[in-house]
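S.K.: My questions all concern the structure below.
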Amino acid sequence: MPQRAATEYVYARLSLVKAEMPRFAALCDAMRVRLMVRVLEGGDRELVLSDEVGGESVRLTFVGSGNRYTCLLSCRITKPGLVQALNRALAAFRGDAVVNRIYRGFVITYHYLDGKIARIVENREGSPNVIYERRLPGMPTPETLEAVFRMRTVEERIARLRSEVDELLDRRNRATDAADIAAIDSCLKERSLRLFELEA
């Protein structure tokens with residue numbers, strides 16, 4: 001079996017309620033990963049996970065909003081203990097992620113959605129090969145998942161939608177034709193609904 005050189009978390013998102021923080025700490029303890037917690041200004045939490053054997057560490061910043069803490073992560077790890085702890089956290093707290101497991105000569109990409117593996121792709125010499133794909137009714141297509149993961153954060157999507165709404169409002173103010181106004185209103189309604197869903 002090939003030796004893994006590194007694991008790259010291209011994108012990972014974890015969301016916990018305050019009451020789940022002790023469970024996260026217990027998970028780290030069970031995986032023999034040292035955990036240091038700092039409470040930052042505004043109540044945010046910074047968690048530093050350290051591999052007790054290899055000395056590697058990763059910093060997770062959980063931003064608080066009400067009773068919920070959300071962490072967006074992008075990093076590269078070489079120690080298996082930290083990788084196992086992060087993978088267990090993704091599963092336990094139903095996180096989303098795109099994870100590259102890097103081997104000599106090829107990369108295997110795992111797509112996690114709601115804590116479960118949704119897709120596995122092997123990339124050898126620039127040629128992707130889908131190894132596994134979970135298909136459930138109502139589940140987004142792989143292309144949709146790729147687009148979502150590329151968006152990085154909800155905040156970026158909200159900013160983009162707000163910009164589109166502003167541009168549409170400017171166009172509506174300049175429009176004189178009733179058909180143009182109706183078309184713009186339809187676009188505004190659709191974007192407003194998407195914006196409302198993202199901000200909820």
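The values are calculated or read from the model by the stated rules, or taken from the named source; none is laboratory data. None of the values given here were measured: they were computed from a predicted structure. All Cβ positions, glycine included, derive from the backbone under ideal geometry; neighbour counts span all protein chains shown.
S.K.: If Ala91 meets every condition in (1) of a type outside the set (S, T, N, Q); (2) under 22 Å from Arg134 (Cα atoms); (3) part of a strand (DSSP E or B) apart from one, which number is that one?
M.R.: Single failed check for Ala91: (3).
S.K.: Please specify each residue of region 14-33 satisfying the condition of being closer than 24 Å to Glu155 by Cα and crowded, with 20+ Cβ neighbours inside 10 Å. Steps first, answer last, please.
M.R.: Filtering region 14-33 for residues closer than 24 Å to Glu155 by Cα gives 14-18, 20-21.
Answer for region 14-33, where residues must be closer than 24 Å to Glu155 by Cα and crowded, with 20+ Cβ neighbours inside 10 Å: Leu14, Leu16.
S.K.: Among (1) modelled with pLDDT of 85 or more; (2) touching a helix residue (DSSP H, G or I) at 6+ places or on another chain (Cβ under 9 Å); (3) not assigned by TED's automatic domain parsing to the domain that holds Ala89, which single condition is Ala118 missing?
M.R.: It fails just one condition, (3).
S.K.: Next up: Would you mind finding the one in Arg45, Arg101 that is touching a Lys or Arg at 6+ places or on another chain (Cβ under 8 Å) and over 30 Å from Tyr132 (Cβ atoms)?
M.R.: From the options Arg45, Arg101, the qualifying one is Arg45.
S.K.: Listed residues Arg4, Arg13, Arg45, Arg34; which is farther than 20 Å from Asp114 by Cα and within 19 Å of the chain's Cα centre (by Cα)? Spell out how you get there, then give the answer.
M.R.: Values: Arg4 fails: within 19 Å of the chain's Cα centre (by Cα); Arg13 fails: farther than 20 Å from Asp114 by Cα; Arg34 fails: within 19 Å of the chain's Cα centre (by Cα).
After applying the criteria, what remains is Arg45.
S.K.: Please count how many residues of region 80-109 are within 29 Å of Ala19 (Cα to Cα) and modelled with pLDDT of 90 or more. Working first, answer last.
M.R.: Going through region 80-109, the residues within 29 Å of Ala19 (Cα to Cα) turn out to be 80-99.
With the extra rule that they be modelled with pLDDT of 90 or more, the set shrinks to 82-99.
Counting residues in region 80-109 that are within 29 Å of Ala19 (Cα to Cα) and modelled with pLDDT of 90 or more gives 18.
S.K.: Residues of region 67-79 being in a loop (DSSP other than H, G, I, E, B) and either of a type in the set (Lys, Arg) or under 23 Å from Val99 (Cβ atoms) (or both), which ones? Walk me through how you get there before you give the answer.
M.R.: The initial filter retains those residues of region 67-79 that are in a loop (DSSP other than H, G, I, E, B), namely 67, 78-79.
Listed by number, the residues that qualify are Thr78, Lys79.
For (1) surrounded by 15 or more Cβ atoms within 10 Å (Cβ to Cβ); (2) over 17 Å from Arg13 (Cβ atoms); (3) outside the structural domain of Ile131 (by TED's automatic domain parsing), each residue gets a yes or a no:
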| site | (1), (2), (3) |
| --- | --- |
| Val37 | no, yes, no |
| Asp44 | yes, no, no |
| Asp51 | yes, yes, no |
| Thr61 | yes, no, no |
| Arg88 | yes, no, no |
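S.K.: Next up: Condition test on Asp114, is it touching a residue at least 40 places away in the same chain (Cβ under 8 Å) and acidic (Asp, Glu)? Quick ask: steps written out before the conclusion?
M.R.: Details: touching a residue at least 40 places away in the same chain (Cβ under 8 Å): no; acidic (Asp, Glu): yes.
In short, no.
S.K.: Anything in region 152-192 that is surrounded by 13 or more Cβ atoms within 10 Å (Cβ to Cβ), among the small types (Gly, Ala, Ser) and within 30 Å of Leu14 (Cα to Cα)? List them, or say none.
M.R.: Across region 152-192, the qualifying residue is only Ser192.
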